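Derivation of every value follows stated rules applied to the coordinates shown; laboratory data play no part. Here the structure is a predicted model, which means the values were calculated and not measured. Cβ coordinates were reconstructed from backbone atoms using ideal geometry, including for glycine residues, and neighbour counts include every protein chain displayed.
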Amino acid sequence: MKKIISFLLLAVMVFTSCVEEYNAELPEGETDLLVVEGTIISDSLCTFHLTKTYSLNNTSNQIPAVNNAFVRVSGSDGTVWKAIAGGQGSYSIPVGHLNANTEYQLEIEADGVTYTSTPQRPVSTENINLSFTQNKPEENVQILVSTAPTNDAGTHYYKMYYEEDWEVITPYDPTYEYDPRTDKIVEMDYHKNRGWIHTNCNSIILASTVNFSGNQLQEAKVYSAPIDDTRFTTMYASLVKVRSISQGEYEYEQIRAQISSEMGGLFTPQPSELPTNISSSDKQHKAIGYIGISSNVSQQRMFIYPRDVNSTYKQICDVLSDEDLAENTPKELYQKGYQIGNYEVFPTGKIEEWTKDKCVDARLLGATFYRPEFWP
Amino acid sequence: MKKIASIIILALLPLLLSAQNVNDSIRAYQLVEQLQKNIGKKVYSLIPDTMKIKNPQAISLDQVKDVLKNTNYRISEYNGSLFIMPGRSLVTDMPALKQHKGQQGNGESFIPTVIAANENQVYEIGFKNRPSKEEKVAIQGMVINFLTGEPMEGIQIVCHDPLVTALTGMDGLFHMELPKGYRTLEIRGMDIKDTERKFQVFSDGIARIELEEDERMLQEIVIEAGRVQSVRSTQIGMEKFKPALLKNIPAALGESDVLKMIQTLPGVKSVGEASSGYNVRGGSTDQNLILYNNGTVYNPSHLFGLFTAFNSDMISDAELYKSSIPAQYGGRISSVLSISSKEANKEKAQGSASIGLLTSKLNLELPIVKNKLSLQLNGRTTYSDWIMKKLPEKSGYRDGTAGFYDLGGVLSWNINQHNKFNIYGYYSNDHFSFSEYEKYGYKNMNFSAEWKSFINERLSSAFSAGYDHYDYFNDKTEVASEAARLSFGINQFFFKGNFNYRTHENNLVKMGLNSILYNIQAGTYEPLGISKIKLDKLDPEKALETAIYLDDEWEVTEKLSLNAGIRLSAFQAMGPRTYNKYAEGQLPSISTLKETVTEDGIIKNYMGPEFRLSTRYTIMDNMSLKAGFNTMRQYIHKVSNTSIMSPTDIWKLSDANIAPQKGWQLAAGLYYESNDRNWEYSLETYYKKMSDYLNYRNSAVLLMNHHLETDVISTNGYAYGVELQVKKSYGKLNGWASYSYSRTFLRQDDPRVANPVNGGKWFPTEYDRPHEFKLVSNYKFTQRVSLSCNFDYSTGRPTTIPAGQYYDYALKKKQPYYTDRNSYRLPDYMRMDLSFNLEPGHHLTRMFHTSFSLGVYNVLGRKNAYSIYYVEEQGKIKGYKLSVFGAPIPFLTVNLKF
């Protein structure tokens, strides 16, 4: 009789996978391709950036702009809007009204080569409606977008963009401050405890109606706003812009997003060529970019108040002890990151409280004193 | 019997000692020797070390019987030998001669059967008093496991004078014609020691050869079996192995893995470590058919490929066909891996268990009716969440949880000597999550029944039928309004009927029918909770794949063998189904859509012959030349744009718009074994073509696509290579080494494709590794102590790198961009693993036997690249290298046998 019991022991198991920088010399690929960025939007000043691709081995920060190009938007009905060069490869075109039944394209003449984008009809965007939700008190706030119903049966594709603004107010609103230039405590003629922070979206956000009932976005996620910073301590505003795009542009942006962030994983597909809709007249010169054409951009701003969401941001603003004050001069305290939180002078004495500078000055939390025009 | 013969007498018998004079004492071995000398018979004894006996020099059998009559020792006689055993007599009433298949009478129809269990005995075949008038007589044979009564497949029977060879089939049967007279048959194979049986051949007869397994020989035996196959058979590119071999092969995480084992063979590659799936001779991962007890396994991995889905404790053997694929197999164009389950011991209950840091296993072997009915049960589970924390952040799984379990069972019923019925079951379940809001899971299920019948000495049959299932789901619930479950499932019923008919001593005909009824739930996307997602369901895909085959193995002369087979496969895609029709001659796309139709019944028929040809020419006794050609068709395709098998892969059947993949392979090989039969050399070369291989365009929508054909780009491919292998079978140093040079390319050359990959030029696949060297070796310092070493070197695989960079104004950063696919190679891959093995001692009376394997995976600590990628950081495009196993990984395996 033979019985086996085997014990698998992984002694001193060290699972040491790693990611490390890879600095191999790469062969020179196909460079000097024209890069075109911009979108044709009805009734707007459209800006296009024209640059060239360059070698990976080129570590210069100088962007190879294309400055001597002729750029224009033309329509199949003979309409033409010409660009005004703005330098550094920037071209602005005051595009008029785009007719829904007319095909438009971008034309570029650069270095003797003519590039054109595929003629397309403008795509219109429905009105949008914003909302937000927070699944659990410890989770981030999700900003959601819904689009208005449409009679169009085909799948709708969208590219989205957002801007955030929020107000920050520090716990202390002093009337005196330490002036490091004069090394004196002086009375203030302004308030520095209140400010506004503004950020822009720096990622590619795409959505489609393919999975939604009614062929419309219904509370589709735009982004998650973190709750562990100052965003939801006072008032928060979210501006979401949505633009309908073609399926081709959607696929281009998908690959662009993948190249931008989703690389190298075990199950990540290999990167692929960007499916441009810009071609050259001689078919030899390649270009990167996808020129989308839109009738409009829908946008909406939404305010969120602290009572509506749970914020986990905690700011510790203890005041320094009398011993600390006695042992340090105001200059030393300032240099160590402390500022006056409260300062009052009485005939019989004074109250002097120092606390962390971020508890006093909103600018040190990333804010400016510029109050947005739309702020209520 | 051999075991009894080899027992060494250990203990004393006090009763005997007390009655005898000290001067008359005799040592046990002296007694045996003297008794053998005096009576002229072989004596096997278990009596004590020393016994007292008068006049030991003249000892007789009666004297011994007299001495033992008052003890519990009994003397038995069997086949002319004496057995002295405690407690019982040896059962010797097993008929030496019996009627075959119940035939009555004393006429010519009576075929005597001899049971040959001892290599020292000369057995008689046929009628001694009525020897055949023919010079040659027919021997029908069956090789069985002495302990379990199971037939043993793949055992090589060799008669050297004259040279006649035979190989046992799935029922342990073999057939050979021998000249009358004294013949010695050499017997070699997996799990057994080399042995022989001696026969005095008089006339036609049946020999039942009983063998005993010996696990300690596994390392050598596997290699030996390979040699027999490669030199004698007509098969090219076939490997057969036992998973028990794995115990001496160092493995990542210390877990035996049959799929990793096959990757040590030449011609089998993988994209990288910890990746599921393998590539055989330039084929993609979905072009490999993986059969488990005849059922198809679609996802053979646990934990993203870190473990195979097959518990090594439940595997009996595995066969990999990478070139000459027998006509009985089909459905994939690259390879077939057929894995068979172990059957339980039918005599005694036994089992095994293991507890580890990653997995625990339990294996039970339960005889229900002795020698008739047994049940094998096994299970494995893991508690591996902690390993996720160790994965690289870039892998995307670091914050996840994961777990799996698998269960297997085999009910084995030996109906009688000629019929056998087995029921197999297998179930595996995987679940993992990246977070609370993103969960994945998949499971495999296979249930089948198989009836094997030895109808007569010329005809045998095997019928199997079963049900295979694979399903997969992915829940995403982070955004309540978009919470949804994506699910997919394959259900298939299969029937296989195979017949082997030996028309002549040198000719074996195989024929049969295979049929698979597919029912694929092609995809469901359903809302969860308060989700605003709409329910979307792809039409179920139903199809019937049927094939009939005929295969003939013909030994034309002693030197020339031919194997010719034809397989006629047919595929009917069935409705009801709604599908698109496109403009004639145009690529499927929305712009070429003509109409959408809904049809019932058969909506598309595909049919075609597949040819399997191979031949072997024996140049010398120990050298042969082979060539083969085979064509294959594949009607089911993996829908994935990754080069490895991922846990989210789904499969699609051919239909009105997606044609079956087709491939053919031409191969040739030269095989030589040294005169001392210790070394074997082989050289194989092949050329392979693939067409209608499915490749997907950039940005293809792979999931929930109602018209996948619009995202498919038909691709052609070819591969070629040379594989050199050296095997050493015996001696302190044994193992194999191989070098292969191989290339594999794809091309999208359809002129209708607007922007084909790499401009429509040939480009290397992601598993194109031209140079590859593999070494699997074991050095035995003593019978118990050995050192194993694996070495693996290969050219780095192709990958896609940026052609350059540009500034993205919208993202306000530099971006890489890509043009040509697979234009660059990762750094070369090199890995060495070592393990030190201590085998159990030979003290058979000891209750426990302990063995150890202490090893290090990737002992060189080399950070082999799994991938390189480029991202923008701090204003620069930076390259990064991802290594899965970036350091030496030590492991210790402890086995206790009792």
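How far apart, in nm, are the 7 Å Cα→Cβ label points at residue B:562 and residue A:30?
Reported label-point gap for residue B:562 and residue A:30 is 5.2 nm.
If amide H atoms are built 1.01 Å from N in the plane of the peptide, which residues on other chains or at least 5 residues away come under 5 Å of the amide H of residue B:177?
Placed amide hydrogens put B:139 under 5 Å from residue B:177.
For chain A, what's the relative contact order in percent, using C-alpha pairs closer than 8 Å and at least 6 residues apart?
It rounds to 19 percent for chain A.
Take the alpha carbon atoms of the stretch B:635-699, find their radius of gyration, then divide it by 2.2 N^0.38 Å using N residues; give the quotient.
1.79
For peptide A:236-242, compute the average count of partner chain beta-carbon atoms within 10 Å of each residue's beta-carbon.
On the way: counts 0, 0, 0, 0, 0, 0, 0.
So the per-residue partner count for this stretch is 0.
Can you give the % of DSSP beta bridges in chain A that are antiparallel, to the nearest 5?
Close to 95 percent.
Could you compute the FRET efficiency for residue B:584 and residue B:607, with r as their C-beta to C-beta distance and R0 at 22 Å, rounded to 0.05?
0.50
Just to check I understand the Karplus step: with θ = phi - 60° and J = 6.51 cos²θ - 1.76 cosθ + 1.60, what whole-Hz values come out for the stretch A:176-183, glycine and proline as x?
10, 8, 8, 9, x, 6, 9, 6
Which value in nm describes the separation of the simple spin-label points at residue B:595 and residue B:133, placed 7 Å from the Cα toward the beta carbon?
7.7 nm
Hey, got the dipole for the stretch A:220-264? About the Cα centre, +1 on K and R Cβ, -1 on D and E Cβ, debye to the nearest 20?
200 debye
So, R0 is 41 Å and r is the distance between the beta-carbons of residue A:138 and residue B:754; what FRET efficiency does that work out to, to 0.05?
Working: r = 50 Å, r/R0 = 1.21.
That gives a FRET efficiency of 0.25.
Can you list residues whose amide H is under 5 Å from residue A:103's amide H, if they're 5+ apart or on another chain and H is modeled 1.01 Å from N?
Under 5 Å from the amide H of residue A:103: A:76, A:77.
Which distance in nm do the two modelled labels at residue B:427 and residue B:368 give, with both placed 7 Å along the Cα-to-Cβ direction?
For the pair residue B:427/residue B:368, the computed spacing is 1.7 nm.
Quick one: 3J(HN,Hα) in Hz for the stretch A:87-104, Karplus 6.51/-1.76/1.60 with θ = phi - 60°, rounded, Gly and Pro as x.
Running phi through 6.51 cos²θ - 1.76 cosθ + 1.60 with θ = phi - 60° gives x, 6, x, 9, 9, 10, 10, x, 7, x, 6, 8, 7, 4, 9, 10, 8, 10 Hz.
With 5 Å bins from zero, work out the P(r) of the stretch B:498-642 over every alpha carbon pair and list the percent per bin.
2, 8, 11, 12, 13, 12, 9, 8, 7, 6, 5, 4, 2, 1, 0, 0
Cβ neighbours within 10 Å, averaged per peptide: list A:309-317, A:137-145 in order, most packed at the top.
A:137-145, A:309-317
Can you find, among A:250, A:240, A:89, the residue farthest towards the positive end of the dipole of chain A? Put +1 on the C-beta of Lys and Arg, -1 on that of Asp and Glu.
Checking the options against the dipole of chain A, the answer is A:250.
Taking amide H positions as placed in the peptide plane 1.01 Å from N, state which residues far from residue B:276 in sequence (5 or more) or on other chains have amide H under 5 Å from it.
Residues meeting the criterion, in which the H sits 1.01 Å from N, are B:645.
Place a +1 charge on the Cβ of each Lys and Arg in the stretch A:131-172 and a -1 charge on the Cβ of each Asp and Glu, then give the dipole magnitude about the Cα centre in debye, rounded to the nearest 20.
Magnitude of the dipole: close to 200 debye.
Given a Förster radius of 25 Å and the C-beta distance between residue A:186 and residue A:375 as r, what FRET efficiency does 1/(1 + (r/R0)^6) yield to the nearest 0.05?
It comes out at approximately 0.30.
Can you run the Rg to Rh ratio on the stretch A:123-223? Use alpha carbon positions and the Kirkwood inverse-distance Rh.
1.26
For the stretch B:640-692, what is the charge dipole size about the Cα centre, in debye to the nearest 20, if Lys and Arg each add +1 at the Cβ and Asp and Glu each add -1 at the Cβ?
Taking the Cα centre of the stretch B:640-692 as origin, the dipole is about 260 debye.
Give me the extension gain from residue B:196 to residue B:501: residue separation times 0.36 nm, minus the current Cα-Cα distance, reported in nm with one decimal.
Taking 0.36 nm per residue and subtracting the Cα distance, the gain is 107.1 nm.
When only DSSP loop residues count, what GluC sites (Glu not before Pro) in the stretch B:407-461 have their Cβ near at most 14 other Cβ atoms within 10 Å?
For GluC sites (Glu not before Pro) across the stretch B:407-461 that sit outside H, G, I, E and B with at most 14 neighbouring Cβ atoms in 10 Å, the list reads B:436.
Taking chain A as the reference, fit the longest principal axis to its C-alpha atoms, fit the long axis of helix A:247-261 to the helix C-alpha atoms, and give the angle between the two in degrees, 0 to 90, nearest 10.
Relative to chain A, helix A:247-261 is tipped by roughly 40 degrees.
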